[in-house]
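The values are calculated or read from the model by the stated rules, or taken from the named source; none is laboratory data. Here the structure is a predicted model, which is why all the values come from computation and not from measurement. Positions of Cβ are generated from backbone atoms using ideal geometry, with glycine treated the same way; all protein chains shown enter the neighbour counts.
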Amino acid sequence: MDWTDPNNYRPSENGLTSNAGNLDIDLIKELRANVRYRLPIESFSAFLKGGYSVRDHNVELERRGRRWSYIGTAALPTDPSILTWDKVKTSRQLPQWEGAEFVQNGQPTNPALWQEDKYFYEQNKLSASVRTHEIITGYYLMSQGKIGRLGYLGGVRRELTNTIGYSNLGARVKTTAQQQLDDPVGSALKDFNHPNKNEGDYGQNFPSLHAWYDITANIKARGSWTTGFAGPTSTMR
């Protein structure tokens, strides 16, 4: 077989693919409220402050991948402008194809040459699409003040995190290839339209204390103690 002859090549099964229809949604809604009160103390200044916040984070990944098999009889046109390292070293012109010539805006440029795997499209929407919903609720109470040369800032914050994941599970016994060909939508629904939800929550307190002391007008001593934690790596962060 002559490797340089484009007529000796044909696309493999499902040789044309497109992910142009994929949809990614990342929506964050947040609400905050704070209140501050000065304590009625004459000998020194002190304040109390409290607040509330809620962060609603929704991430949705909808997959609409598509693929087609070649049903034409002739070879696809090559792109002679593509320069390969093999041609530079050997002067041999191996046929090259540019995918953008055959698919535009998620559709084949010549639909008559391609047959879509419709079951794959419906199955992909169900099995590869996921949604995660995270709600973080926070409360805090703090005090700030100064007594002579000593200043302080301290308080505690509590965070409650609730995370829900949504997906579809596959059936243990799938439809046959013939059923998928005859009824791609119905077969995909039987095989993958099985909603699943996982939910988890956790809470954490974060106390902290900061203090400083004016030794002189230009020298200040500081000290602090804080707490924190690291969340797991995920698409939500």
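Tabulated values for the structure
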read-out	value
One residue from L48, L31, L76 being at pLDDT 90 or above, in a loop (DSSP other than H, G, I, E, B) and of a type in the set (A, V, I, L, M)	L76
Residue match in region 122-131 (condition: surrounded by 14 or more Cβ atoms within 10 Å (Cβ to Cβ) and under 30 Å from Q204 (Cα atoms))	yes
Neighbours by Cβ (under 6 Å, 6+ apart or cross-chain): first from region 142-171, touching a residue at least 24 places away in the same chain (Cβ under 8 Å); second surrounded by fewer than 14 Cβ atoms within 10 Å (Cβ to Cβ) and not in a strand (DSSP E or B)	I147/F44
Residue identified as touching a residue at least 12 places away in the same chain (Cβ under 8 Å) and exposed (fewer than 11 other Cβ atoms within 10 Å of the Cβ) among I41, I25, I82	I25
Selection from region 174-200 of residues that are under 23 Å from V130 (Cβ atoms) and in a loop (DSSP other than H, G, I, E, B)	K174, T175, N193, H194
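Each row is one residue, and each column tells you yes or no for (1) under 30 Å from Q115 (Cβ atoms); (2) surrounded by 11 or more Cβ atoms within 10 Å (Cβ to Cβ).
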site: E13; (1), (2): yes, no
site: G51; (1), (2): no, yes
site: E62; (1), (2): yes, yes
site: R66; (1), (2): yes, yes
site: I71; (1), (2): yes, no
site: L76; (1), (2): yes, yes
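For (1) more than 22 Å from the chain's Cα centre (by Cα); (2) of a type in the set (D, E); (3) exposed (fewer than 15 other Cβ atoms within 10 Å of the Cβ), each residue gets a yes or a no:
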position: L153; (1), (2), (3): yes, no, no
position: I164; (1), (2), (3): no, no, no
position: V173; (1), (2), (3): yes, no, yes
position: P184; (1), (2), (3): yes, no, no
position: S187; (1), (2), (3): yes, no, no
position: P207; (1), (2), (3): yes, no, yes
position: T216; (1), (2), (3): yes, no, yes
position: A221; (1), (2), (3): yes, no, yes
